Each structure stands twice: as C-alpha cells, then as structure tokens.
1. Return the residues of the stretch 168-194 that are under 17 Å from Asn8 (Cβ atoms) and among the hydrophobic types (A, V, I, L, M, F, W, C); say none if nothing qualifies.
2. Collect the residues in the stretch 146-191 that are touching a residue at least 24 places away in the same chain (Cβ under 8 Å) and within 17 Å of Ile123 (Cβ to Cβ), keeping them in residue-number order.
3. Of all the residues that make up the stretch 24-80, how many are among the aromatic types (Phe, Trp, Tyr) and touching a Ser or Thr at 6+ places or on another chain (Cβ under 9 Å)?
4. Just the residues that are out of contact with any helix residue (DSSP H, G or I) (no Cβ under 9 Å at 6 or more places or on another chain) and over 18 Å from Val147 (Cα atoms), please, taken from the stretch 51-62.
5. Filter the stretch 158-180 down to the residues that are under 11 Å from the mean Cα position of the chain (by Cα) and of a type outside the set (Lys, Arg) and list them by number.
6. Taking the condition modelled with pLDDT under 95 and more than 30 Å from Cys19 (Cβ to Cβ), does Glu117 pass?
7. Whether any residue in the stretch 144-157 is under 16 Å from the mean Cα position of the chain (by Cα), β-branched (Val, Ile, Thr), crowded, with 21+ Cβ neighbours inside 10 Å and under 18 Å from Asn39 (Cβ atoms) is what I want to check.
8. When you go through (1) in a helix (DSSP H, G or I); (2) buried (at least 20 other Cβ atoms within 10 Å of the Cβ); (3) of a type in the set (A, V, I, L, M, F, W, C) one by one for Val124, which number turns out not to apply?
Amino acid sequence: MDFSQLDNFLARKNQRFICIDNGWPEPGPERHIAMLAHNYTDPLSADELALLKEQIPAIPELAAFYSRYGSLSLYCDTIGEDFAFYIAEPDEWAELKIYFEGWLEHLDDDERDFLPEWLDDYIVFGEVPRSGNYYLMPLSGTEAGKVFLFDHDGFEFTEEGHDLAAFISKITTVNDALINEILSHTRYSDGKTDTQWLANSYAFDADN
C-alpha cells in the first residue's frame, strides 16, 4: 500500500475550510474560516499486527495501514468537536459493528433478502461521525477488500473504493464532490455563536 498521498495530505500546513452559514432558505453572506486538524494514534504493536495478519490474512492492506497508523480522524474542527471521517483501530471494530447491526434489527425476512450477500463475513472499520453511517469491508467472496458506505437513510450500501488505498485516496482528495459530501454531515463552529458552518471551499499554505 502506497502511503505517499496520505502522508503528503497530512503534512499540508494550515489546512482550512472557508465556510458558509447553515441559513434557511439561503445561507447568509458571512464566512467563517475553520482551521482543520487530522489526528491519528500510534500504529499497532508488533504483536497486534501479527494477530491482525492471522485473523485477516486475505487482506494484507489492513496490516500495512495499521503498521503506520492507528485510528485516523480527518477534517477535525479545531474549535468544535465535529470531524468528517473516522478510521478506527481494530479493537474498536466490534463496537462499531454492534452500532451498525442495530440498524438491521427491525428488518423482516423479506427486507433482509435485499441486503448484500457479503454481510455474512465483514468488518466495520470506520464511520462518518455522528451520522449513523458506517464503513464496511467484506472479508471474503468477490467483494473482499472493497470499502462500502452504509447510509442508514434508505439502507444503501455504496462502494467507496475498490480497496483500502482507493478509499483513503478518495477521502484525502479535496474536490467539489468531497466538500459536498462533508457539508452534508459535518458542522464547524466559530466558538462564539450557535451558527452551524458548512464547508464551502478548501485551502492550505503551499510550500514556496
């Protein structure tokens, strides 16, 4: 797994969103600059990596990622508490899976027939914070190693990357589509008012 794009993204200086307010029916003219942080924890230990490789040998990308990073939180508000994407440490996967499966509890047998077949062997390794939406990875079959977003609005499973590297590339490539995705679920704070600020454009200080 090539980490160069992620490394370069994390190294950018003074990353920020220029935000508009969440006014209705139209946002007002005010703007807020939300300074961003990307937070990650220490990589897994040698013993933890060995266990991960033993448990999921078919997807070596997972061990490669967790040999460099533990959890990963992206586009964190440095004033408020919101952030846009979360990749969890393996010891958090079970809890995320419980939360995800909570959305399936009320489904009857007919409704379950429309769920993906790979849901008999998968992990829940991440989430869109405070949204009830989760990132899943099948561990076997033709979809093994792909990343899917479960959106509880409509119970949709959308492919977000053909593998973990493609998924990480997607969420670290800041374009109009990604900003629109972020503004749909993440709110930024100015620390002074109750305004919910929405990402509108992105900037960082380029090296001279």
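1. Hits for the stretch 168-194 are Ile168, Ile171, Val174, Leu178.
2. Listed by number, the residues that qualify are Phe148, Phe150, Phe157, Glu160, Asp163, Leu164, Ala165, Phe167, Ile168.
3. Qualifying residue count for the region: 3.
4. Across the stretch 51-62, the qualifying residue is only Glu54.
5. Correct list: Glu160, Phe167, Ile168, Ile171, Thr172.
6. yes
7. So far as the stretch 144-157 goes, no, none of its residues is under 16 Å from the mean Cα position of the chain (by Cα), β-branched (Val, Ile, Thr), crowded, with 21+ Cβ neighbours inside 10 Å and under 18 Å from Asn39 (Cβ atoms).
8. Against the list (1) in a helix (DSSP H, G or I); (2) buried (at least 20 other Cβ atoms within 10 Å of the Cβ); (3) of a type in the set (A, V, I, L, M, F, W, C), Val124 comes up short only on (1).
The values are calculated or read from the model by the stated rules, or taken from the named source; none is laboratory data. Small disclaimer: the values here were computed from a predicted structure and weren't measured. Cβ atoms come from the backbone with ideal geometry, glycine included; neighbour counts cover every protein chain shown.
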